[in-house]
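Asks: What follows is a single structure, and I will ask about it in a moment.
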Amino acid sequence: MRFITFLCCFLVVSMASARDFKVAVVDMQKLFNNYPGTDKAKKKLGDLEEKKKEDLADSEQELKDLQKDLSDTSLLSEKQKLKKGKLYGDKLQAYKQATEEVQKELMAAESEMTQTIVDQINKIVGIVAQGQGVDLVLDSSKTVFVKDSTDLTKEVLDQFKKTADSDSKDDLGSKK
């Protein structure tokens, strides 16, 4: 009997506090695309990708040269053909392995940069939500329905601009 009474009291208290519960949503995709650090991260990732391609270019050219030598086999003896064929196979395998490593490295770098940006966005969303007395913030693209929710996307975008403006003022101040 005491347990039932306790449970009823708990439900009444829960329902009373739920009325004051404020839910908001944000469009994380829009926030990610408009975050000032996103373009910098994309450029940095693009530069890294270019550098890695340049690193692989020598191996790729070496493979093309070997393939050309193998296609012009009229000047080579059988022993030389086998030797060049084995060399080509070994170089091709090494090139494929290096390419896979580069792809893994680029994917890891992209994932790390994305996570860093999302963490920064989440921090700003938290600041905006606290300022507006919001108890829970959901990603609007992953939410089907929320009754009486507030969309904080615009406020977070405004906060991005304020942060970017203060960062540029800090940069100007440090150059003087």
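The values are calculated or read from the model by the stated rules, or taken from the named source; none is laboratory data. Just so we're clear, the structure is a prediction, and the values are computed from it rather than from any experiment. Glycine gets a Cβ as well: all are built from the backbone with ideal geometry, and neighbour counts include every protein chain shown. Ligands, DNA and RNA are stripped out before the accessible areas are found, and what is left, the full protein with its side chains, is counted by its heavy atoms. Shrake-Rupley method; radii C 1.70, N 1.55, O 1.52, S 1.80 Å.
Asks: Could you pull out the residue among 158, 165 that is closer than 24 Å to residue 39 by Cα, modelled with pLDDT of 90 or more and either open to solvent by 50 Å² or more (accessible area, probe 1.4 Å) or in a helix (DSSP H, G or I) (or both)?
Replies: It is 158.
Asks: Would you please name the residue that is nearest to the chain's Cα centre (by Cα), looking only at residues in segment 139-155 that are closer than 12 Å to residue 28 by Cα and open to solvent by less than 50 Å² (accessible area, probe 1.4 Å)?
Replies: In this case the residue turns out to be 139.
Asks: Continuing with this model, one more query. Are any residues in segment 96-113 open to solvent by 50 Å² or more (accessible area, probe 1.4 Å) and either more than 19 Å from residue 28 (Cα to Cα) or among the polar types (S, T, N, Q) (or both), and if so, which ones?
Replies: If the condition is that a residue be open to solvent by 50 Å² or more (accessible area, probe 1.4 Å) and either more than 19 Å from residue 28 (Cα to Cα) or among the polar types (S, T, N, Q) (or both), then 96, 97, 100, 101, 103, 104, 105, 107, 108, 111 are the ones that fit.
Asks: Also, I was wondering about something else. With 70, 45 as the choices, which residue is within 30 Å of residue 126 (Cβ to Cβ), part of a helix (DSSP H, G or I) and touching a helix residue (DSSP H, G or I) at 6+ places or on another chain (Cβ under 7 Å)?
Replies: Checking each option against the conditions leaves just 45.
Residue-wise test of (1) of a type in the set (Asp, Glu); (2) closer than 30 Å to residue 37 by Cβ; (3) out of contact with any strand residue (DSSP E or B) (no Cβ under 7 Å at 6 or more places or on another chain).
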residue: 66; (1), (2), (3): no, no, yes
residue: 110; (1), (2), (3): yes, yes, yes
residue: 131; (1), (2), (3): no, yes, yes
residue: 138; (1), (2), (3): no, yes, no
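Asks: Given (1) exposed (fewer than 13 other Cβ atoms within 10 Å of the Cβ); (2) without any contact (Cβ under 8 Å) to a residue 24 or more places away in the chain, where does residue 136 come up short, assuming only one miss?
Replies: Going through (1) exposed (fewer than 13 other Cβ atoms within 10 Å of the Cβ); (2) without any contact (Cβ under 8 Å) to a residue 24 or more places away in the chain one by one, residue 136 breaks only (2).
Asks: Please verify whether residue 52 is open to solvent by 50 Å² or more (accessible area, probe 1.4 Å) and either in contact with a helix residue (DSSP H, G or I) (Cβ under 6 Å, 6 or more places away or on another chain) or assigned to a helix (DSSP H, G or I) (or both), treating the condition exactly as stated.
Replies: Criteria not met by residue 52.
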